[in-house]
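The structure appears right after this line, and notes come after that.
The values are calculated or read from the model by the stated rules, or taken from the named source; none is laboratory data. Predicted model, so just to flag it, every value in this text is computed and none were measured. Backbone-built Cβ (ideal geometry, glycine too); neighbour counts: all protein chains shown. Heavy atoms of the whole protein, side chains included, go into the accessibility calculation; ligands, DNA and RNA do not. Shrake-Rupley method; radii C 1.70, N 1.55, O 1.52, S 1.80 Å.
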Amino acid sequence: KIRAALASFETAAAYGLEPRYPFFDRRLVEFCLALPVGQKLRHGWTRAVLRRALAGVLPDAIRCRGGKTDLSPLFNLGLRIFEQERLEDVIVRNPGRLEEHVDVPALRETYHRFVRTGAEEDAHIVWVAATLGLWLRRAELTHQVV
C-alpha cells in the first residue's frame, strides 16, 4: 500500500500535480481536533459528526454500518496494562510543562477514575494528555540540544 501511494505521488508530480486528500485538509483537521470527545464517539459510534452530516446524502445502510470493529476496549486495556507506568510518570509523578496547559489535578482525577473503571471517555482524555506531556518533554529536550 505504501509503495502504491508513493507511486501515485510520483506520477502526480511528474505532471505537475499535487494530490490532495479531503480528510487531510488543515481546516478540517483543526475542526476535528477541537471537537469534544462526545462529538467524535457517541453511543459506541465513531465519526459521529460525519455520520450525522451525511444523513440524507449517503444511504443509511452505508452511513450507519457497523461492520468495522470497535478497538476502544483493546486500546483502553492496553493503556491500563502496558502503558500504566508511563501514564503514572507523565500524569502523576512528573507532569512538568504539562501543568502549563492542563488542569493537572482534574487530569489526575480522570486518570485514577480511568484506572478504576476503564471508562472510554476517560481513556481518550488520559491518552491525549499523556501524548501532549510526552511531546512537550521531547520538544524541551530538542531545544536544550540546539
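The table for this structure:
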quantity: Only Lys, Arg (+1) and Asp, Glu (-1) charged, at Cβ; the chain dipole about Cα centre in debye; calculated: 560
quantity: Tail beyond 26 Å, pair distance distribution of the chain (Cα, percent); calculated: 47
quantity: Spin-label zone in segment 16-33 - amide nitrogen under 13 Å from a point set 7 Å from the Cα of Trp135 along the C-beta vector; calculated: 30, 33
quantity: Accessible-area order (highest first, 1.4 angstrom probe) of the listed residues Trp45, Trp135; calculated: Trp135, Trp45
quantity: Per-residue ³J(HN,Hα) for segment 13-29, Karplus 6.51 cos²θ - 1.76 cosθ + 1.60, θ = phi - 60°, Hz, x for Gly and Pro; calculated: 4, 4, 9, x, 10, 10, x, 10, 10, x, 7, 9, 4, 3, 5, 5, 4
quantity: Kirkwood hydrodynamic radius (C-alpha pairs) into Stokes-Einstein, segment 40-79, 10 °C and 1.306 mPa s, D in µm²/s; calculated: 141
quantity: Over the chain, relative contact order from alpha-carbon pairs under 8 Å, at least 6 apart, %; calculated: 17
quantity: Positive-end extreme of charge dipole, segment 35-146 - chosen from Thr131, Leu74, Pro95 (charges on Cβ); calculated: Leu74
quantity: Radius 15 Å from Cβ of Gly38, net charge of other residues (Lys, Arg +1; Asp, Glu -1); calculated: +2
quantity: Exposure ranking of Leu71, Leu35 by accessible area [1.4 Å probe, largest first]; calculated: Leu71, Leu35
